[in-house]
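Student: First the structure, then my questions, so here it is.
The values are calculated or read from the model by the stated rules, or taken from the named source; none is laboratory data. Given the structure is predicted, the values throughout are model-derived calculations rather than measurements. Here the Cβ positions follow ideal geometry from the backbone for every residue, glycine too, while neighbour counts run over all protein chains shown. Accessible surface areas use protein heavy atoms only, side chains included; no ligands, DNA or RNA. Shrake-Rupley method; radii C 1.70, N 1.55, O 1.52, S 1.80 Å.
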Amino acid sequence: MLNRIRDLITEVKDNSQMSRDMDQAIASGDREAMSTFRTGTFAAALTTEGREARGREVEEYARKVVEADGGGGRFHRTFPRRDRD
(Lines give C-alpha, C1' and ligand atoms only; values in the text may rest on other atoms or scores of the structure.)
Protein backbone atom coordinates (compact mmCIF):
# COMPACT_ATOMS: atom_id res chain seq x y z
CA MET A 1 0.00 0.00 0.00
CA LEU A 2 2.80 2.41 0.87
CA ASN A 3 4.46 1.72 -2.49
CA ARG A 4 1.23 2.56 -4.34
CA ILE A 5 0.95 5.86 -2.47
CA ARG A 6 4.59 6.68 -3.17
CA ASP A 7 4.10 5.84 -6.87
CA LEU A 8 1.02 8.06 -7.02
CA ILE A 9 2.89 10.97 -5.44
CA THR A 10 5.74 10.50 -7.92
CA GLU A 11 3.31 10.46 -10.86
CA VAL A 12 1.58 13.65 -9.75
CA LYS A 13 4.91 15.38 -9.02
CA ASP A 14 6.47 14.42 -12.36
CA ASN A 15 3.36 15.30 -14.36
CA SER A 16 3.10 18.59 -12.50
CA GLN A 17 6.66 19.48 -13.54
CA MET A 18 5.92 18.47 -17.11
CA SER A 19 2.81 20.69 -17.08
CA ARG A 20 4.89 23.63 -15.81
CA ASP A 21 7.37 23.02 -18.65
CA MET A 22 4.50 23.03 -21.14
CA ASP A 23 3.01 26.20 -19.63
CA GLN A 24 6.39 27.95 -19.91
CA ALA A 25 6.68 26.95 -23.56
CA ILE A 26 3.19 28.25 -24.26
CA ALA A 27 3.85 31.50 -22.35
CA SER A 28 7.02 32.04 -24.39
CA GLY A 29 5.00 31.96 -27.61
CA ASP A 30 5.91 28.44 -28.73
CA ARG A 31 3.29 27.87 -31.46
CA GLU A 32 3.80 24.13 -31.56
CA ALA A 33 3.21 23.91 -27.80
CA MET A 34 0.12 26.11 -28.04
CA SER A 35 -1.41 23.88 -30.70
CA THR A 36 -0.60 20.60 -28.98
CA PHE A 37 -0.87 20.45 -25.20
CA ARG A 38 -4.33 20.01 -23.68
CA THR A 39 -4.18 17.26 -21.03
CA GLY A 40 -4.08 18.42 -17.43
CA THR A 41 -1.74 17.24 -14.69
CA PHE A 42 -4.22 15.17 -12.73
CA ALA A 43 -5.73 13.49 -15.78
CA ALA A 44 -2.24 12.55 -16.97
CA ALA A 45 -1.21 11.28 -13.55
CA LEU A 46 -4.38 9.54 -12.42
CA THR A 47 -6.13 8.08 -15.47
CA THR A 48 -5.12 5.72 -18.23
CA GLU A 49 -6.80 7.92 -20.82
CA GLY A 50 -4.98 11.00 -19.54
CA ARG A 51 -1.62 9.23 -19.48
CA GLU A 52 -2.11 8.02 -23.04
CA ALA A 53 -3.30 11.45 -24.21
CA ARG A 54 -0.28 13.14 -22.61
CA GLY A 55 2.03 10.65 -24.32
CA ARG A 56 0.43 11.35 -27.70
CA GLU A 57 0.73 15.09 -27.13
CA VAL A 58 4.43 14.88 -26.26
CA GLU A 59 5.05 12.73 -29.34
CA GLU A 60 3.10 15.17 -31.53
CA TYR A 61 5.00 18.15 -30.07
CA ALA A 62 8.35 16.47 -30.76
CA ARG A 63 7.31 15.78 -34.36
CA LYS A 64 6.11 19.37 -34.87
CA VAL A 65 9.31 20.81 -33.38
CA VAL A 66 11.52 18.67 -35.61
CA GLU A 67 9.48 19.62 -38.67
CA ALA A 68 9.59 23.34 -37.80
CA ASP A 69 13.21 23.55 -36.62
CA GLY A 70 14.91 20.70 -38.43
CA GLY A 71 16.05 19.19 -35.11
CA GLY A 72 14.98 18.38 -31.57
CA GLY A 73 16.91 21.00 -29.61
CA ARG A 74 13.82 22.98 -28.63
CA PHE A 75 12.09 19.82 -27.42
CA HIS A 76 15.02 19.07 -25.10
CA ARG A 77 15.07 22.66 -23.86
CA THR A 78 11.33 22.47 -23.15
CA PHE A 79 11.72 19.25 -21.13
CA PRO A 80 15.25 19.49 -19.71
CA ARG A 81 14.72 16.92 -16.96
CA ARG A 82 13.59 14.32 -19.49
CA ASP A 83 16.86 14.06 -21.42
CA ARG A 84 19.23 13.29 -18.53
CA ASP A 85 18.72 9.51 -18.46
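Student: Mind checking whether some residue in segment 8-19 is touching a Gly at 6+ places or on another chain (Cβ under 6 Å), surrounded by 12 or more Cβ atoms within 10 Å (Cβ to Cβ) and on the phi < 0 side of the Ramachandran plot?
Tutor: Just the residues of segment 8-19 that are touching a Gly at 6+ places or on another chain (Cβ under 6 Å), to begin with: none.
The answer is no, given that none of the residues of segment 8-19 is touching a Gly at 6+ places or on another chain (Cβ under 6 Å), surrounded by 12 or more Cβ atoms within 10 Å (Cβ to Cβ) and on the phi < 0 side of the Ramachandran plot.
Student: Same structure again: Go through segment 40-75 and give me each residue that's within 15 Å of Q17 (Cβ to Cβ), open to solvent by less than 90 Å² (accessible area, probe 1.4 Å) and at pLDDT below 95.
Tutor: Result: G40, T41, A44, A45.
Student: Name the residue that is farthest from the chain's Cα centre (by Cα), counting only residues in segment 27-39 that are surrounded by 17 or more Cβ atoms within 10 Å (Cβ to Cβ) and assigned to a helix (DSSP H, G or I). Outline the logic, then answer.
Tutor: Of all residues in segment 27-39, those surrounded by 17 or more Cβ atoms within 10 Å (Cβ to Cβ) come to 30, 32-33, 36-37, 39.
The next check asks that each one be assigned to a helix (DSSP H, G or I); those that pass are 32-33.
Numbers: E32: 13, A33: 10 Å.
Residue satisfying both the conditions and the ranking: E32.
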